[in-house]
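Novice: Mind looking over this structure? Questions follow.
The values are calculated or read from the model by the stated rules, or taken from the named source; none is laboratory data. Predicted, not measured: the structure shown is a model, and the values here were computed from it. Quick reminder, even Gly has a Cβ in these numbers, built from the backbone with ideal geometry, and neighbours come from all protein chains shown.
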Amino acid sequence: MTRYQKSSLLWALLICAAREHKRYAFEELKDILGISSSGALASCLNPILFYCEEESLPPLVALIKDEAQHLPPVVEDKLDVTTEVIKSIFDFDWFSVEPPQNVSFNRADRLVV
């Protein structure tokens, strides 16, 4: 499975989490996707982060936290996550947005790289 395919799986998990007002632990997502390294998971999150930015969507990856309830460094370094940001993610109608395809993640990822 490619990195962008894993990003698509993460997108689906995260929009369901948003609908349920849930946040995932970074380690939990690694287990769900069968990813052993934090760097590999981070590389799957970056396209989602950049896609949301490009499309002016709330930063969906802010729903991921580490064991201490903070954002993992890969996300924290790029976002200023406040209670209002989390609320905007929870309140957004993610199911009204056409899910991004692998090519969309690829394009968004390349805009920043």
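Novice: Kindly indicate which of Pro99, Pro72, Pro58 is at pLDDT 65 or above and crowded, with 16+ Cβ neighbours inside 10 Å.
Specialist: Pro58
Novice: (1) buried (at least 16 other Cβ atoms within 10 Å of the Cβ); (2) of a type outside the set (A, V, I, L, M); (3) in contact (Cβ under 8 Å) with a residue 60 or more places away in the chain: which one isn't true of Phe26, the others all being true?
Specialist: (3)
Novice: Do we find a residue being over 21 Å from Thr2 (Cβ atoms), touching a Phe, Trp or Tyr at 6+ places or on another chain (Cβ under 7 Å) and modelled with pLDDT under 95 anywhere in segment 22-44?
Specialist: No.
Novice: So Ile15 clears everything in (1) among the aliphatic types (A, V, I, L, M); (2) touching a residue at least 24 places away in the same chain (Cβ under 8 Å); (3) not in a helix (DSSP H, G or I) except one condition, right? Which one?
Specialist: The failed condition is (3).
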